[in-house]
Amino acid sequence: MPAIVIIGAQWGDEGKGKATDLLGSRIDYVVKFNGGNNAGHTVVIGNQKYALHLLPSGILTDGVIPVISNGVVIDIEVLFDELEALTARGVDVSKLRVSANAHIITQYHRTLDKVTERFLGKKQIGTTGRGIGPAYADKINRVGLRIQDLFDENILRQKVEAALDQKNHLLVKVYNRRAIMVDEIVENLLSYAERLRPMVGDTALELNRALDDGKIVLFEGGQATMLDVDHGTYPFVTSSNSTAGGASTGSGIGPGRIERVIGIVKAYTTRVGAGPFPTELFDESGEFLRSAGFEFGTTTGRPRRTGWYDAPIARYSARINGVTDFVMTKLDVLTGLATIPVCVAYDVDGVRVEEVPVSQSDFHHAVPIYEEFPGWTDDLTGIRRFEDLPVNAQSYVLAVEAMSGSRISAIGVGPGRDAIIVRHDLLD
Ligand code: IMP
């Protein structure tokens, strides 16, 4: 089972760590292939809590080689802050590999992210403000900086000059901000070059060799399917391919290497930032899900928008990603509800629509059609076998599975690492 991809199947924060933990010691490499420090996962090991935004979670597992591959945008200051914080707590970070082709987020990307959002006013996307969009825009515009540029000062300077040439006009004349100096950026970036050098390499070559040697490589997607720049709710998306195909382009391994695609779904739905969300709740049920599920952003602390499970979205994700297995997280959060609605289709301007509409305007008008399932009151957190779940919880999972386009192979029933019910081995 060489390459396995884990992706979020909704709008992010589905709890991918649960699936990563399940695979745990059987993994040789963990690769972050998209996004940057807009992600956020809290990992609890023993009595220590770690909040990671940029580093792949594999950095905390002994024996695993963590990789940041070419599809990622790296804020080097954040990279070193996270590495130093982990080193201070005794974590060995020496195995980290960083692609020479990954792009760099600089101060001007962060500034532009914030000013453009402010400029958009009510139409803003609600980005994390970490410079993700502007750094990817520069990559596509062919004025980006790559990690390898840090090792050639002349090239670096030329590229920063070219990038700032346009941006300073924009910053000064449109956004009324001060111009950013080339020297300031170049000196800041060069100050990290020698510390970074030993970690940097041709990670595509290294990963292909690892796969040739029969190693197990886990590709951990940042963000989620509905935030993917091609397949998500554009323009309310992140700027990278957070779907399974992104693992191939974002790391340089052939798509045929990927044998398993694990989609993570919450037993309900959440979203941070703006954009359509058909099953969103604005009443006390939404508040219940937010407080019971502790739905606040790891990166920005923002309260998450909450809503019921949306089966057309799960089917869409199953299709776009080629999901082989779903892991459903946070089933325990639904405990105590008398009935649990699940969106089975949409009403779009009076017409019943079974799948996510391709037209963004239709999706904005989509009103969920719900089917209601009876709830349960028993505490689920100690349960480890599917048959031991309350009958109504079993029925909920089986009904949702039948609508979601792939089998549900594991179910999260509590915050602890081991609070999971496994129905099918994810590596089988
Ligand atoms: P950006 O990635 O900072 O450009 O933000 C674009 C959109 O993606 C915003 O709606 C963010 O809230 C959302 N987003 C980015 N990263 C995450 C994540 O890790 N979880 C959930 N939402 C995210």
* State yes or no: is I59 part of a strand (DSSP E or B) and closer than 29 Å to G254 by Cβ? => no
* Based on what the data block shows, is L196 in contact (Cβ under 8 Å) with a residue 24 or more places away in the chain, in a helix (DSSP H, G or I), in contact with a Lys or Arg (Cβ under 9 Å, 6 or more places away or on another chain) and over 30 Å from L22 (Cβ atoms)? -> no
* Structure fact -> Only one of (1) away from the ligand (no atom under 16 Å from the Cβ); (2) under 20 Å from G15 (Cβ atoms); (3) touching a helix residue (DSSP H, G or I) at 6+ places or on another chain (Cβ under 8 Å); (4) among the β-branched types (V, I, T) does not apply to T270, and that is (1)
* Cross-chain or 6+ apart pairs with Cβ under 6 Å, the stretch 103-129 first and basic (K, R), then buried (at least 18 other Cβ atoms within 10 Å of the Cβ) -> R110/G131
* Restricting attention to the stretch 98-108, does a residue exist that is away from the ligand (no atom under 14 Å from the Cβ), open to solvent by 10 Å² or more (accessible area, probe 1.4 Å), in a loop (DSSP other than H, G, I, E, B) and not β-branched (V, I, T)? -> yes
* Could you grab me the full set of residues in the stretch 279-298 that are surrounded by 18 or more Cβ atoms within 10 Å (Cβ to Cβ), part of a loop (DSSP other than H, G, I, E, B) and within 16 Å of the ligand (Cβ to nearest atom)? => G293, E295
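If you go through the stretch 205-241, how many residues are within 12 Å of the ligand (Cβ to nearest atom) and in a loop (DSSP other than H, G, I, E, B)?
15
Would you kindly identify the strands (runs of 3 or more DSSP E) lying entirely within the stretch 302-405 that contain at least 2 residues that are open to solvent by 30 Å² or more (accessible area, probe 1.4 Å) and either within 16 Å of the ligand (Cβ to nearest atom) or without any contact (Cβ under 8 Å) to a residue 60 or more places away in the chain (or both)?
Numbers: elements: 305-307, 325-329, 339-348, 351-353, 367-374.
Those strands (runs of 3 or more DSSP E) span 339-348, 351-353, 367-374.
Would you confirm, using the coordinates I've provided, whether K123 is of a type in the set (D, E, K, R), surrounded by fewer than 17 Cβ atoms within 10 Å (Cβ to Cβ) and within 25 Å of the chain's Cα centre (by Cα)?
Values: of a type in the set (D, E, K, R): yes; surrounded by fewer than 17 Cβ atoms within 10 Å (Cβ to Cβ): yes; within 25 Å of the chain's Cα centre (by Cα): yes.
Against the criterion (of a type in the set (D, E, K, R), surrounded by fewer than 17 Cβ atoms within 10 Å (Cβ to Cβ) and within 25 Å of the chain's Cα centre (by Cα)), K123 qualifies.
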* In the stretch 44-79, what residues are among the aliphatic types (A, V, I, L, M), closer than 24 Å to R26 by Cα and open to solvent by less than 20 Å² (accessible area, probe 1.4 Å)? -> L52, L54, L55, I59, V64, V67, I68
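The values are calculated or read from the model by the stated rules, or taken from the named source; none is laboratory data. Predicted model only: the values in this text are computed from it and were never measured. With ideal geometry, Cβ positions are generated from the backbone for all residues, glycine too; neighbour counts draw on all protein chains shown. Heads up: the accessible areas ignore ligands, DNA and RNA and are worked out on the full protein's heavy atoms, side chains in. Shrake-Rupley method; radii C 1.70, N 1.55, O 1.52, S 1.80 Å.
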